[in-house]
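What follows is a single structure, written as structure tokens, with notes after it.
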Amino acid sequence: MPDTEELPPYPPARDAWQFPPPPVHRRWKWVAISAGALALAAAVFLITAVVELEGRDAPGLIEDEELVSIIDRECELMSSTVASMPVTGTPREQGQTIIDQNLAISRMLSAIEGRAGDRIDADRPARMWLDDWTTLVDARNRYVLAELEDGSARFRVPRDPDGHPLPERMNDAFLDDGTCAVPKALLSPYPAGRTADV
């Protein structure tokens, strides 16, 4: 039997929390407090920024869902009306068809204005989008007058201040490309075979 009297006794069972914590230098304590405060401030800033950005109106997009729904319905009616009126016949008949197409656009604009009300001014690009349609109608009306005076007149698609074709800006006003794209027939008001200066 081995001699166990020379072995040291087991240390007494002690609670780990009875030992003092390791020493912490004061500067590390302040670094930890500062880092925590900065993290909290950053979180508050990010949450505030997200809430603020969600409430803002994107300058180039019509985003109001109700307004987009109204525009979509009225634009679909206008597009189908224009598609049902191909430009054919004599220059005078062609001019009358273009004027009738323009009336379909004007009816669309009036219906949107009447049904959307204050939503138009609340969604910034909506007013500009409506004005762009008016600019397109005016250009088409000028073309009809020029065509009656000179049978070789050409239709020139209006341009935005940056020099791009106006319909590009009109089509880009929506998140969904399918919402109220300008019908090609409005940009090329000629009988089949002729093209516009886009």
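Quick note: the coordinates plus some simple rules give every number you see, no bench work behind them. If you're wondering where the values come from, they're calculated on a predicted model, not measured in any experiment. Cβ coordinates were reconstructed from backbone atoms using ideal geometry, including for glycine residues, and neighbour counts include every protein chain displayed.
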Inset, instruction - May I have the convex hull volume per residue, in Å³, for the Cα set of the range 65-186? - result: 100
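Report the calculated FRET efficiency for Ser152 and Gln96 (r = Cβ-Cβ distance, R0 = 22 Å), to the nearest 0.05.
For R0 = 22 Å, the calculated efficiency reads 0.70.
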Inset, instruction - Kindly state, to the nearest 0.05, the FRET efficiency for Leu40 paired with Glu66, given R0 = 30 Å and r defined as their beta-carbon distance. - result: 0.20
Inset, instruction - State the Cα centre-to-centre distance between the range 128-198 and the range 62-115 in whole Å. - result: 13
